[in-house]
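We did not get these values from a lab; they are worked out from the coordinates using the rules stated. This one's a predicted model, so the numbers in the text were calculated from it and none came from an experiment. Here the Cβ is made from the backbone with ideal geometry for all residues, glycine too, and neighbour counts use every protein chain on show.
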Amino acid sequence: MTIAATELNWDEDDQLYVLRLYVAGTSPNSVRAVSNIKRICKNHLKDNYDLEIVDVYQQLEKAGEDQLIALPLLVKKAPGQVRRLVGDMSDEEKVLKGLGVY
Amino acid sequence: MSKKETKNNIQHRVLEKTPTGISGLDEITGGGLPKGRPTLVCGGAGCGKTLLSTEFIVKGAAEFNEPGVFMAFEETADELATNVASLGFDLQKLQKENRLRIDHVQIERNQIEETGAYDLEGLFIRLNYAIDSIGAKRVVLDTIENLFAGLTNIAILRAELRRLFHWLKEKGVTAIITAESGDGKLTRHGLEEYVSDCVILLDHRIIDQVSTRRMRIVKYRGSIHGTNEYPFLIDENGLSVLPVTSLNLEKNASSERIPTGIKALDGMLGGKGFYKGSSILVSGTAGTGKTSIAAHFANQACNDGRRCLYFAFEESPRQIIRNMKSIGMQFGRHIDGGLLKFYASRPTLYGLEMHLVTIHKLIREFKPEVVVLDPITNLITVGVLSDVKSMLIRLIDFLQNEGITVMFTALALNTVVGDQTDEGISSLVDTWLLVRDIESNGERNRGLYIIKSRGMKHSNQVREFVITDNGLDLVDVYLGPQGILTGSAREAQQITERTGVALHDYEVDAKDREIGRRRKVLEAKVLSLQSEFESAEEELNKIYLQEELKKQVSEKARQEMLRLRRGERGEEPTVEPKKKSNE
C-alpha cells in the first residue's frame, strides 16, 4: 500500500486542520470537550484549523453520517487519514497524538 | 370501589406479549416476547441469533404491522439484506415502505482514540431518531457486544448499556439484544445482568458428528414458559421451533376404523382394520414384506381419499413406486392426485431432533390423515436408543393429538419374539403386527400375526402371508397331524387332500350305480313272480269253476233220476240224456 506524499502532507507546515466536533447538547462532557478542544487548537494549531462544532440534537440526520456512537466525538478530516477521537479531550497528549501534531 | 380498583390493578399487571411470528417460539413462550421490554438472545457463533432477530423484525413489520429498527453492529444493511433474501425476506421493500430501518453501526478500534470521559449518547440519538422516524415498536441490537471491541473503557460501557436497556424500556419498544456466549457464561460481557426480563439461549451442538440446534428459555420474568431445550430448524422458510408438548395423555380417541388395505388382515382385526388415529408398528426381520404392508396401507388410504405422507428412510420414492408397481399398486396416480406425498431422507443427514422438526413441519404443511415411517430402525444410526425412544414418544404424541394414523415399520434383528421390544416403542403403539420367517423343508415362508391390538377383538392365529402380483394376501396356515405347514408343504397337503376327495366321490358314484342295477334286477324278478302267481291263480279258478259246473250238472241229473223213479214225467226228459252224453 502506497500512500501519496501529498495526501500525507508531511512537508507542508501550513496544512489546514479540518475538524468537526460532535457534542450532545450541554452535557458536562460536551461542555468540557468544547472548551478543551478550543484551548488545544489555540495553543498548538495557531490559526491553521477549521473547527466545526455540531450539536447532534440539532442535526439528527448527521448522526448516521459519521457513525456516531460515543460522544463527544472529534473527527479529523484533514490532513492525512481520518481520525476519530472520543472523549472530553482532557488527555491533551492523546488528542495531539490523534491529530498528528506530534 | 376498592374491590374494583384491585381488579383493575391485577389486569394491568398481566404481562403483555409481542408475538414473534416464528413458528413454535410463540408457543413455548406462551405468546411471544415481553412487550415493551428487552429480551436477550445469546448463543455461540453461528447458532442463529441474527436470523432469529431478523425474523422477529421482518415478521413484525410484514405480519403484525409493527415497524422495526434493526441496528446491526456486525453486518452492513446490504449484507444483511442479501443474507436473509434466501429466506424470502425482502428488506429493501420493507425499508422503502418505511416499515423497517436498518442502521449499520461501525466501530473500528484503530480509528478511535479515547481522550477522556465520554458516553454513548450518539447511539441513543441514532436509535431514537430511527425509532421515531418510522414509529417503530420493535428494535434489534445485533450484536451490541461489538462495542466492547471498539471501546476500551469497560466502566463507561457498562454504565451506558445499563442506561440503554433502561431507556429502551422507557421508550416502550420490544427489543432483542443479541450477545455471544462464552467463558461458561451466557454472555461474554455479562449482559444478562442488565436484561433481566427474558433470556433465550441458542445452542448448536455436535453429537456424534451430527449437529442439532436447540433453544432454551433461561428465564422469562412474569410468565410461564417451557423450560426444556427445544430443537429448532433453520430452513428455506426461516426458523421453526418444535414445541415438545408436555406428554399429557388427553388425546381424543376415535372409534372410526381405517382399513389396512389387506382384506384378510382387516378380518384378523375384528373385520374393520385399525382405529383412526392409532399407531401401528410392523416389525419383522429383513425381507419379510414390511414395506409392502406399509405400502398397502398407504395405497388403501389414498384409494379412500385420505391424504397420506410417506417418510422413506431407506429407499428413494422412485424405488418404492417401482417396487410397489410389481405387486399391483399404482402410486404415481395418487401422487399426481395430490393424495400421496413422499419424503425421503437419509437418517444420517441430520440429528434426530432435526428429523422430528422436519416431520412436524411436513405434517403441518401437508395435513395428512395417514403417516407412514419406513423404517424407524434406521434412525438408530443417528442416536442412542433412549433418544430414539423419546423422539418417537413425542412423535406419536403429536400425531395422536392431531388424530393422524401412523404406521411405523421396524427391522427386528433378533427373531425371538419374547425379547423383541423394537426400539422400546412396542408399549407405546396401539397395534403391533409381527412378520416372521417360518423356516421348514428347506424354504422360508412369511408368517404374520398380531401381537397386540388395543381395544378390538383380534385373531390369535398365525397367517401365512403371500406376496402376489395383485398384492398381499393372507392364507390360513395348515395345521395338520405333522404340525404347521406353510408354503409348498401346505400346497402339497392341499393337493393330497383334493385328490382324496376326488377318489372318494368316484367311489360313492360307483356304489350308487350298483344299487341302481340291483334294484332293476330285483324289480324284474318281482314282475315275473307276479305274473307266475297270476297264471297259477287263473288255473286254480278254472278248476274251481269246472267243479261247480260238475256239481250243478250232477245235481240236476240226480233230481231227474228222482223224478223218474217216482214215475213223474219231466217236461223235457229227452234233453237231459243228450246233455249228459255231450259232456
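For the stretch B:12-241, give me the percentage of DSSP beta bridges that are antiparallel, rounded to the nearest 5 percent.
About 45 percent, rounded to the nearest 5.
Can you order the peptides B:485-494, B:256-265 by their average number of other Cβ atoms within 10 Å per residue, highest first?
B:256-265, B:485-494
Quick one, could you list the DSSP H helices from chain B stretching 15 Å or more along their long axis (Cα atoms) with average Kyte-Doolittle hydropathy of 0.0 or above?
Going by DSSP H runs, the hits are B:49-63, B:121-134, B:352-366, B:385-401.
Express in % the proportion of alpha carbon pairs of the protein assembly as shown at distances exceeding 47 Å.
51 percent
Explain nothing, just the number: relative contact order of chain B, from Cα pairs under 8 Å at least 6 residues apart, as a whole percent.
Dividing the mean separation by the residue count of chain B yields 12 percent.
What is the average number of partner chain Cβ atoms found within 10 Å of a Cβ in B:105-113?
Shielding by partners across B:105-113 averages 5.
With the crude spin-label approximation of a point 7 Å out along Cα→Cβ, what separation in nm comes out for A:Ser27 versus B:Gln319?
6.6 nm
Let me have the relative contact order for the stretch B:257-476, percent, based on Cα pairs under 8 Å that are six or more residues apart.
29 percent
When the convex hull of the C-alpha atoms of chain B is computed, what volume per residue in Å³ does it have?
376 Å³
Could you work out, residue by residue across A:79-87, how many beta carbons of other chains sit within 10 Å of that residue's beta carbon, and then give the average as an integer?
Mean partner-chain Cβ count within 10 Å for A:79-87: 5.
Given the peptides B:527-539, B:330-342, arrange them by the average over their residues of other C-beta atoms within 10 Å, most packed first.
Packing order, densest peptide first, comes out as B:330-342, B:527-539.
Using the charge dipole of the protein assembly as shown (Lys, Arg: +1 at Cβ; Asp, Glu: -1 at Cβ; taken about the Cα centre), state which of B:His189, A:Gly87, B:Leu564 has its Cα farthest towards the positive end.
So the residue we want is B:Leu564.
For B:Ala253 and B:Ala492, what does the FRET efficiency come to when R0 = 60 Å and r is the distance between their Cβ atoms, rounded to the nearest 0.05?
0.80
Out of all DSSP beta bridges with both ends in the protein assembly as shown, state the antiparallel percent to the nearest 5.
So the antiparallel bridges in the protein assembly as shown amount to around 45 percent.
Extending each Cα 7 Å along its Cβ direction at B:Thr348 and A:Asn43, get the distance between those two points in nm, one decimal.
7.2 nm
Can you compute the radius of gyration and Dmax for the stretch B:12-241, using only the Cα atoms, both in Å?
16.9, 52
Normalise the Cα radius of gyration of the stretch B:257-476 by 2.2 N^0.38 Å (N = residues in it) and let me know the number.
Compactness ratio reported: 0.95.
Mind jotting down the distance between the C-alpha centroids of the stretch B:437-468 and the stretch B:40-104, whole Å?
Cα centroid to Cα centroid, the span is 58 Å.
For the stretch B:12-241, with only Lys/Arg (+1) and Asp/Glu (-1) charged at the beta-carbon, what is the dipole magnitude about the Cα centre, in debye rounded to 20?
The dipole magnitude comes to about 800 debye.
What lysines does B:Lys272 reach when the alpha-carbon gap must be under 30 Å and sequence neighbours fewer than 8 apart in one chain are set aside?
Qualifying lysines at Cα under 30 Å: B:Lys251, B:Lys263, B:Lys290, B:Lys325, B:Lys341, B:Lys367, B:Lys389, B:Lys452, B:Lys457.
Nothing charged except the Cβ atoms of Lys and Arg (+1) and of Asp and Glu (-1): what's the magnitude of the dipole of the stretch B:257-476 about its Cα centre? Round to the nearest 20 debye.
Once rounded to the nearest 20, the dipole reads 580 debye.
What's the whole-number percent of alpha carbon pairs in the stretch B:450-558 lying beyond 17 angstrom?
Here the tail beyond 17 Å accounts for 78 percent of pairs.
Just to confirm my numbers, what's the Cα centroid distance between the stretch A:44-65 and the stretch B:138-213 in Å?
Here the answer is 32 Å between Cα centres.
Divide by every residue of the protein assembly as shown the summed helix terms, -39500 (n - 2.57) for each DSSP H run of at least 4, and state the resulting mean residue ellipticity at 222 nm, rounded to the nearest 500 deg cm²/dmol.
Estimated from H runs of four or more residues: -12500 deg cm²/dmol.
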